[in-house]
């Protein structure tokens, strides 16, 4: 990304930044309308995040429980959206994933931790370190990681959240998330190498 940004001209960077600002402005407007009770605005917001939220819930709970979790998550977001504040340093996606992560933890308490295969998730192909890897190998290696490292890797690599969004979702600083990701990737690389 840094290389691409360096090679990109100033006009292109300004244009991209402008597009990001437009998207954020549009999202803020949708949040305000949804918080005021507009169901159409709320549906549009949830459609934006549905695939990533589903992917996370599917990996953590399985397909049936993922659908149930999303219904509960949408209800919780609808009820809590009026209390969401942009000025608290978070993003909407980070805030929603924090709610989802807490719901997953609540559902898994007292149950054995089992990661389910990624087959059937929104993006089933898995690439790790520029190689295609078996979902079974990746699943097995992720199961052996400490919970926080596993959560960071799932949110960053499988769901596609930014470091900032993961930090918000987990209630950690960006530097802590980067550290957890670095350590988790190091352990994951070792385990993946052992299983190949």
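Coordinate-derived values only; no laboratory data. Predicted model only: the values in this text are computed from it and were never measured. Please note: Cβ atoms are built from the backbone with ideal geometry, for glycine as well, and neighbour counts cover all protein chains shown.
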**Q.** Sorted peptide list for 38-47, 55-64, 172-181, criterion being average Cβ within 10 angstrom, highest first
**A.** 55-64, 172-181, 38-47
**Q.** Centre separation in Å (Cα based) which lies between the stretch 36-63 and the stretch 137-190
**A.** 21 Å
Q: Over the alpha-carbon set of the stretch 154-194, work out the extent along each principal axis and list the three values in angstrom, largest first.
A: 33, 19, 11
Q. Residue 39 to residue 175: extension gain in nm, 0.36 nm per residue of separation minus the Cα-Cα distance?
A. 45.3 nm
Q: Work out, step by step, the length gained on full extension between residue 47 and residue 24: first 0.36 nm times the residue separation, then minus their alpha carbon distance; give nm to one decimal.
A: 6.7 nm
Q: Find how much the distance from residue 85 to residue 65 grows on full extension, using 0.36 nm per residue of separation minus their present alpha carbon separation; answer in nm with one decimal.
A: 4.3 nm
